[in-house]
1. Please go through the range 1-22 and pick out each residue that is loosely packed, with under 10 Cβ neighbours inside 10 Å and more than 17 Å from VAL60 (Cβ to Cβ).
2. When residues of the range 23-56 are filtered for being under 18 Å from the mean Cα position of the chain (by Cα), surrounded by fewer than 10 Cβ atoms within 10 Å (Cβ to Cβ) and modelled with pLDDT under 80, how many remain?
3. What are the residues in the range 5-34 that are assigned to a helix (DSSP H, G or I) and either touching a helix residue (DSSP H, G or I) at 6+ places or on another chain (Cβ under 6 Å) or among the polar types (S, T, N, Q) (or both), if any?
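The values are calculated or read from the model by the stated rules, or taken from the named source; none is laboratory data. Just so we're clear, the structure is a prediction, and the values are computed from it rather than from any experiment. Note that each Cβ is placed from the backbone with ideal geometry, even for glycine, and that neighbours are counted across all protein chains shown.
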Amino acid sequence: MKNYLVFIVSFILLYTVFQLLSGVILTAFYTPDFSVIEGNLSQEVAFGETHSIPLLVILVIATTSYVLSKKLFKTI
């Protein structure tokens, strides 16, 4: 049980760090597309689409992979 808790906590920390770093990198390299503007400047902001997997789904996948790795790669 201790190994599982260490695995889940480290997984959550690594996932959070990855999300923050990827957000910083994507924000730093973003260049707006001014060709879309047709002369009238509106105050609307387009954020685009989000394609992130919820953390709960990732935890279920991580738990399943942890259990399968323990079952498949048992040491004798």
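1. The answer is MET1, LYS2, ASN3.
2. 9
3. The answer is PHE7, SER10, PHE11, THR16, GLN19, SER22, THR27.
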